[in-house]
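**Student:** This is the structure I have questions about; it appears just below.
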Amino acid sequence: MIYLDNNATTMPLPEVVEAMNTVMHTGYANPSSIHQFGQSVRHRVECAREQVARLIGATPREVLFTSGGTESINTAIRGALAERPDKRRFVTTAVEHSAVMRLTEELGDEGYAVEYVSVDREGRLDEAHWAAAISEDTALVSLMAANNETGVMFDVPRLAGVAAERGVPVHVDAVQAVGKLPIDVSTWPVALLSLSAHKFHGPKGVGALFVRRRTRLRPLIVGGSQERDLRGGTENVPGIVGMGVAAEAALRQGGEAAVRVAGLRDALETGVLQREPAARVNGAGAPRVCNTSNISFPGLQAEAILIVLSEAGICASSGSACSSGSLEPSHVLKAMGIEDHIAHGAIRFSLSRFTTREEIDQVLRMLPELLARLTALGRR
Ligand code: PLP
């Protein structure tokens with residue numbers, strides 16, 4: 001199997017699995033319990049908090065554990081808006097993940113004036129539109145650091161600066177950025193930042209929300225007083241411990257792994273374009289994270305391509321995992337102005353630091369024959 005679907009999820013590192021296994025066996029006490037056993041588990045949770053904080057340049061007190069990216073995003077947006085009830089404007093971008101988009105649609109139904117800032121054909125944000133959309137009566141802005149479908153990065157420090165100058169708090173969906181590019185909330189003017197462990201070789205079902213000191217936030221999930229009263233419920237200790245180990249590994253790998261992965265991604269794109277001159281790399285003209293390649297094969301259907309790839313042992317995706325299965329072209333490619341017949345044939349290949357040159361070469365060897373088979377079927 002050749003796994004090129006790392007934006008959907010990544011393989012947990014062996015050391016992550018081992019740490020989780022150990023804590024499942026030996027650390028099952030409740031971290032809120034007063035006894036020594038409970039306190040030893042509390043210590044493991046707090047160590048993981050330090051590891052995650054280090055990865056993003058936060059202090060441990062600013063890291064809140066959640067059940068994943070979606071919960072972090074919902075907590076950030078709902079929680080911040082609830083604390084600014086007099087402001088009813090919300091600004092985001094047209095290419096956000098469904099975790100933000102669906103919530104934003106709800107906000108619109110609840111009477112918020114929602115502005116979706118547009119992108120150009122390469123997925124670059126219209127910065128003039130961004131600056132014009134944010135005003136002093138904006139309650140919150142939310143933007144992603146890296147797009148899950150195309151890998152296109154937004155210049156978060158600069159864009160967040162525009163909002164911060166106007167006193168508007170900023171939430172960043174950094175789910176696809178963590179572990180791929182350096183994130184430093186100590187210098188970024190952002191109030192809230194969401195991350196998810198399973199996107200950087202940690203376990204599923206656990207994430208974190210950076211909440212800058214003094215940011216007002218109403219909890220989304222109420223119950224016990226865990227996570228400084230901001231997220232009720234007994235902590236997912238194995239998940240949290242696994243996330244900490246994955247964070248430490250991501251920090252250790254750093255830029256070196258990113259350069260190698262970018263080289264493989266470029267080799268894939270060059271090779272595909274040589275073999276399939278009609279193909280188009282979506283977002284290629286914009287700054288992108290190292291691992292993501294979104295390639296359209298005009299005239300073919302992504303679902304059909306994914307099936308032949310899967311039969312050949314190659315795992316890839318069309319658009320985001322959540323929207324694949326539907327025949328609607330991705331809202332991201334639509335927002336970029338990509339025509340339907342090109343958007344319908346878009347495949348996302350997402351690499352990881354475990355992807356090898358041999359795997360890329362093998363995909364390039366197999367692809368022309370697989371695509372030719374589909375084209376022939378289409379003609380029949
Ligand atoms: N945001 C982005 C950009 C994502 O790619 C994803 C997952 O694909 C999420 C949020 C949701 O994260 P989770 O799966 O941890 O809920």
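The values are calculated or read from the model by the stated rules, or taken from the named source; none is laboratory data. Every value quoted in this text rests on a predicted model; they were computed, and no experiment measured them. Cβ atoms come from the backbone with ideal geometry, glycine included; neighbour counts cover every protein chain shown. Remember, those area values only see protein heavy atoms, side chains included, never the ligands or the DNA or RNA. Shrake-Rupley method; radii C 1.70, N 1.55, O 1.52, S 1.80 Å.
**Student:** Which value, in debye to the nearest 20, gives the size of the charge dipole of the chain about its Cα centre, when Lys and Arg are +1 and Asp and Glu are -1 at the Cβ? Spell out each step's value before the answer.
**Tutor:** Values: 39 positive and 43 negative charges, 112 e Å.
Its charge dipole is roughly 540 debye.
**Student:** Still on this structure, I have one more. Whole angstrom only: what separates the Cα centroid of segment 43-84 from the Cα centroid of segment 336-361?
**Tutor:** With segment 43-84 and segment 336-361 each reduced to a Cα centre, they are spaced 31 Å.
**Student:** Can you return the aspartates and glutamates within cross-link range of LYS199? Criterion is Cα-Cα under 15 Å, with same-chain partners fewer than 8 residues away left out.
**Tutor:** LYS199 reaches ASP5, GLU71, GLU149, ASP173, GLU248.
**Student:** Could you work out [θ]222 nm for the chain from helices alone, using -39500 (n - 2.57) per DSSP H run of at least four and dividing by all its residues? Round to the nearest 500 deg cm²/dmol.
**Tutor:** -13500 deg cm²/dmol
**Student:** If one takes the longest principal axis of the Cα atoms in the chain, at what angle in degrees, from 0 to 90 and to the nearest 10, does the Cα axis of helix 302-311 lie?
**Tutor:** For 302-311 against the chain, the angle is about 90 degrees.
**Student:** Another question, if that's okay. Hey, any idea what Rg/Rh is for the chain, computing Rh the Kirkwood way over Cα pairs?
**Tutor:** Reported Rg/Rh (Cα atoms, Kirkwood Rh): 0.99.
**Student:** Return the distance in nm (one decimal) between the two label points of a simple spin-label model at ASP120 and GLU83, each offset 7 Å from Cα along Cα→Cβ.
**Tutor:** Label-label distance for ASP120 and GLU83, simple model: 3.6 nm.
**Student:** Efficiency by 1/(1 + (r/R0)^6): what FRET value for ARG213 and ALA372, r their Cβ-Cβ distance, R0 = 51 Å, to the nearest 0.05?
**Tutor:** 0.30
**Student:** Return the distance in nm (one decimal) between the two label points of a simple spin-label model at VAL17 and THR59, each offset 7 Å from Cα along Cα→Cβ.
**Tutor:** Calculated label separation equals 3.9 nm.
**Student:** Pairing the Cα long axis of helix 156-165 with the longest principal axis of the chain, what angle in degrees results, from 0 to 90 and rounded to the nearest 10?
**Tutor:** Helix 156-165 and the main axis of the chain meet at about 50 degrees.
**Student:** Now for a separate question. Could you name the lysines in cross-link range of LYS204, using Cα to Cα under 25 Å and dropping any fewer than eight places away on the same chain?
**Tutor:** Hits, sequence-local ones excluded: LYS180.
**Student:** Could you check how much of the accessible area of the chain is carbon and sulfur, as a whole percent, using a 1.4 Å probe?
**Tutor:** Answer for the chain: carbon and sulfur cover 54 percent of the accessible area.
**Student:** How far is it, in nm, from the label point at ALA312 to the one at THR234 when both lie 7 Å from their Cα along the line to the Cβ?
**Tutor:** Simple spin-label model gives 4.9 nm for this pair.
**Student:** Also: Mind ranking 201-212, 83-94 by how tightly packed they are, going by the mean number of other C-beta atoms within 10 angstrom, highest first? Please list the in-between numbers first.
**Tutor:** Numbers: 201-212: 25.3, 83-94: 17.6.
For the peptides 201-212, 83-94, the packing ranking is 201-212, 83-94.
**Student:** Could you tell me how many degrees, from 0 to 90 and to the nearest 10, lie between the Cα long axis of helix 237-275 and the main elongation axis, the longest principal axis, of the Cα atoms of the chain?
**Tutor:** In the chain, helix 237-275 runs at an angle near 20 degrees to the longest axis.
**Student:** If packing is taken as the mean number of other Cβ atoms within 10 Å per residue, what is the order of 253-260, 116-123, highest first?
**Tutor:** So the peptides 253-260, 116-123, ranked by packing, come out 116-123, 253-260.
**Student:** Could I ask something else about it? R0 = 25 Å: FRET efficiency of PHE37 with SER225, Cβ-based, nearest 0.05?
**Tutor:** My answer for the efficiency is 0.80.
**Student:** Right, something else. SER186 to GLU46: extension gain in nm, 0.36 nm per residue of separation minus the Cα-Cα distance?
**Tutor:** 48.4 nm is the gain from fully extending SER186 to GLU46.
**Student:** Which FRET efficiency value, to the nearest 0.05, is calculated for GLN274 and GLU127 with the Förster distance at 30 angstrom and r the Cβ-Cβ distance? Could you put the intermediate results ahead of the total?
**Tutor:** Values: r = 34 Å, r/R0 = 1.14.
After rounding to 0.05, the efficiency reads 0.30.
**Student:** Something else about it: Could you do me a favour and compute the accessible area per residue for the chain, 1.4 Å probe, result in Å²?
**Tutor:** For the chain, the per-residue accessible area is 42 Å².
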